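A.B. asks: I'd like to ask some things about the structure below.
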Amino acid sequence: MTSDAEGSARLKRWIGRAALGDQAAFQQLYQATARCLLGIVLRLLRDPAWAEEVLQEVYVAVWRSAPAYAVERSQPMTWLMAIARNKALDALRSTSAERAALVQPAAFDEDGETALPEAVDESPSPLLQLLEGAQAARVKGCMQGLEAAQRQAIALAFYDGLTHAELASHLRQPLGTVKAWIRRGLERLKKCMDVGLEETAR
Amino acid sequence: MNIDRPELLDRLASEYVVGTLQGGARRRFQRLLRRDASVQRAVQSWERRLTPLAAQLSAPMPSARVWTGIQARLRPASPEEVRASGGWLARFIGWRIAGALAAGVVLGVALMQVLPIAQTERVAVAPGRTLPEIYAGFLQDAQGPVMLISSPRHGKTVDVKLVRSVTAGPGRVLELWALFPDKPPLPLGVVPASGKGQVALTASAEQLLASANELAVSIERPNGPPPERPSGSFILRGPCAKFW
């Protein structure tokens with residue numbers, strides 16, 4: 001069983017070596033993280049072939065920006081996942097006009113109570129182990145503390161990549177209402193998480 | 001896009017990370033993100049908060065053609081890309097030296113072979129592109145590269161960049177040394193606790209490093225005068241090279 005800290009240190013080492021042109025280390029980084037990053041990209045794009053195309057762009061971007069990765073500023077898994085999300089969102093937004101009519105968010109359930117996917121706590125993926133479990137638990141806890149409408153709007157935007165307009169049409173609410181849910185939800189989430197940080201530091 | 005108001009910048013960063021910033025606003029924000037440190041900090045804060053939500057997503061291992069495709073697209077970045085990424089020195093040294101180090105070739109020798117040697121103040125690396133004259137060191141331990149050192153030839157500072165984390169341990173500091181073939185090691189200064197930043201020199205790099213053949217790091221007690229010799233063995237060391 002690998003601890004979070006060891007997993008994180010290993011990722012940092014591979015990124016550091018990739019920054020120096022070490023392709024073997026980069027392949028190890030790919031092997032350890034590809035399932036998680038594909039999961040993120042696939043959830044946003046919902047087309048396996050397209051997701052694999054974009055995943056290639058993700059890792060090419062990781063390789064090129066590895067020299068600029070700053071250890072002290074972000075955890076390696078956060079850095080990798082952010083690159084994956086940004087590439088997938090770029091791809092999604094470049095064709096959002098064509099797909100606007102096709103939106104069928106996976107996260108939406110019948111009663112609209114929660115759009116959060118269930119965590120697979122019984123068998124956490126290796127990647128979940130690599131990520132600081134505390135941080136993931138904190139953001140999930142704070143998400144649960146939001147009003148249901150705010151939580152659902154944020155989750156649909158974050159996991160499924162819905163735009164404000166898509167959210168409004170999907171949730172059958174005025175655009176302004178949906179925007180306010182997202183904005184206030186994020187403000188509350190920030191407050192909740194920053195309080196959590198102070199408590200951890202104490 | 002007005003990002004001078006902190007609360008507006010924070011909101012834009014949050015909407016960028018959650019994904020609802022779109023169209024022209026998203027592209028403008030991405031342009032700011034590339035060049036503005038305050039925008040980068042705001043985005044990183046939100047990535048720290050929100051990105052862990054995505055950790056529970058997982059998919060089967062991608063098909064083999066994905067890795068094949070990635071490999072085909074890996075190549076040395078062009079000078080423009082490297083400059084844009086902010087890691088030009090690491091990449092610059094990395095590409096030319098990683099292979100040589102693996103083969104056990106001395107860094108300085110390798111540099112002489114790949115760099116056009118000019119007697120001018122700056123070295124041309126591509127038409128219209130120049131690099132400043134620097135001393136550079138690439139410090140390793142048994143597991144491989146750890147620290148990248150660069151110092152302007154006529155300046156009095158050393159820039160330190162970590163490629164892998166290193167710590168001195170509680171109540172200790174990392175001391176940077178210059179090693180010479182014919183005289184005792186010379187202490188250069190204490191590496192900042194974070195392992196990244198600048199070390200101030202007592203004289204110009206040219207005066208201190210002209211005849212140095214290696215740079216090294218040892219663990220020392222803080223405070224007091226600079227040590228005369230390392231109190232233990234060097235935990236990191238590597239060739240000291242001249243880039244001009």
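The values are calculated or read from the model by the stated rules, or taken from the named source; none is laboratory data. Everything quoted here is computed from the prediction, not taken from an experiment. FYI the Cβ positions are ideal-geometry reconstructions off the backbone, even for glycines, and counts take in every protein chain you see.
A.B. asks: With the structure loaded, tell me whether B:ALA42 is touching a residue at least 24 places away in the same chain (Cβ under 8 Å), not in a loop (DSSP other than H, G, I, E, B) and not polar (S, T, N, Q) or whether it fails that test.
C.D. replies: Details: touching a residue at least 24 places away in the same chain (Cβ under 8 Å): yes; not in a loop (DSSP other than H, G, I, E, B): yes; not polar (S, T, N, Q): yes.
Here the answer is yes, as B:ALA42 does meet what is asked.
A.B. asks: Out of curiosity, is A:ARG46 at pLDDT 90 or above and on the phi > 0 side of the Ramachandran plot? Quick ask: steps written out before the conclusion?
C.D. replies: On the way: at pLDDT 90 or above: yes; on the phi > 0 side of the Ramachandran plot: yes.
Criteria met by A:ARG46.
A.B. asks: Have a look at B:LEU188, B:LEU201 and point out the one that is surrounded by 18 or more Cβ atoms within 10 Å (Cβ to Cβ), more than 14 Å from chain A (Cβ to nearest Cβ) and under 26 Å from A:LEU20 (Cα atoms).
C.D. replies: Numbers: B:LEU201 fails: under 26 Å from A:LEU20 (Cα atoms).
Result: B:LEU188 is the single residue among B:LEU188, B:LEU201 that is surrounded by 18 or more Cβ atoms within 10 Å (Cβ to Cβ), more than 14 Å from chain A (Cβ to nearest Cβ) and under 26 Å from A:LEU20 (Cα atoms).
A.B. asks: B:GLN30 is checked against (1) surrounded by fewer than 21 Cβ atoms within 10 Å (Cβ to Cβ); (2) more than 11 Å from every other protein chain (Cβ to nearest Cβ) and fails just one. What number does that condition carry?
C.D. replies: (2)
A.B. asks: Being of a type in the set (Phe, Trp, Tyr) and under 17 Å from the mean Cα position of the chain (by Cα) is the filter; apply it to the range A:39-81 and report the residue that is surrounded by the most Cβ atoms within 10 Å (Cβ to Cβ). Before the answer, list the steps.
C.D. replies: Residues of the range A:39-81 that are of a type in the set (Phe, Trp, Tyr), as a first pass: A:50, A:59, A:63, A:69, A:79.
Going one step further and asking which of them are under 17 Å from the mean Cα position of the chain (by Cα), we end up with A:59, A:79.
Values: A:TYR59: 29, A:TRP79: 22.
My answer is A:TYR59.
A.B. asks: Still on this structure, please answer the following. Residues to consider are A:ALA51, A:ALA34, A:ALA19, A:ALA88; find the one that is over 20 Å from B:SER63 (Cβ atoms) and not assigned by TED's automatic domain parsing to the domain that holds A:THR163. Spell out the reasoning first.
C.D. replies: Numbers: A:ALA51 fails: over 20 Å from B:SER63 (Cβ atoms); A:ALA34 fails: over 20 Å from B:SER63 (Cβ atoms); A:ALA88 fails: over 20 Å from B:SER63 (Cβ atoms).
Sole residue among the options that is over 20 Å from B:SER63 (Cβ atoms) and not assigned by TED's automatic domain parsing to the domain that holds A:THR163: A:ALA19.
A.B. asks: Please enumerate the residues belonging to the range A:15-25 that are more than 7 Å from every other protein chain (Cβ to nearest Cβ) and either crowded, with 24+ Cβ neighbours inside 10 Å or touching a residue at least 24 places away in the same chain (Cβ under 8 Å) (or both).
C.D. replies: Of everything in the range A:15-25, those that are more than 7 Å from every other protein chain (Cβ to nearest Cβ) and either crowded, with 24+ Cβ neighbours inside 10 Å or touching a residue at least 24 places away in the same chain (Cβ under 8 Å) (or both) turn out to be A:ILE15, A:ALA18.
A.B. asks: Give the range A:26-52 a look and list any residue that's more than 9 Å from chain B (Cβ to nearest Cβ) and either assigned to a helix (DSSP H, G or I) or under 22 Å from B:LYS161 (Cβ atoms) (or both), or say none.
C.D. replies: Taking the range A:26-52 as the starting set, the residues that turn out to be more than 9 Å from chain B (Cβ to nearest Cβ) are A:28-29, A:32-33, A:45-47, A:49-50.
Passing the criteria: A:GLN28, A:LEU29, A:ALA32, A:THR33, A:LEU45, A:ALA49, A:TRP50.
A.B. asks: Tell me which residues, restricted to the range B:151-188, are assigned to a loop (DSSP other than H, G, I, E, B), modelled with pLDDT of 85 or more and among the small types (Gly, Ala, Ser).
C.D. replies: B:GLY155
A.B. asks: Take B:VAL17 and decide whether it is part of a helix (DSSP H, G or I) and at the interface with chain A (Cβ under 7 Å from one of its Cβ atoms). Please lay out each step first, then the result.
C.D. replies: Values: part of a helix (DSSP H, G or I): yes; at the interface with chain A (Cβ under 7 Å from one of its Cβ atoms): no.
For B:VAL17, the condition - part of a helix (DSSP H, G or I) and at the interface with chain A (Cβ under 7 Å from one of its Cβ atoms) - is not met.
A.B. asks: What tally of residues in the range B:202-232 results from selecting those that are at pLDDT 90 or above and in contact with a helix residue (DSSP H, G or I) (Cβ under 9 Å, 6 or more places away or on another chain)?
C.D. replies: Residues flagged as at pLDDT 90 or above and in contact with a helix residue (DSSP H, G or I) (Cβ under 9 Å, 6 or more places away or on another chain) within the range B:202-232 amount to 1.
A.B. asks: Answer yes or no as to whether B:ARG49 is more than 15 Å from A:THR163 (Cβ to Cβ), crowded, with 22+ Cβ neighbours inside 10 Å and either over 28 Å from the mean Cα position of the chain (by Cα) or charged (D, E, K, R) (or both).
C.D. replies: Here the answer is yes, as B:ARG49 does meet what is asked.
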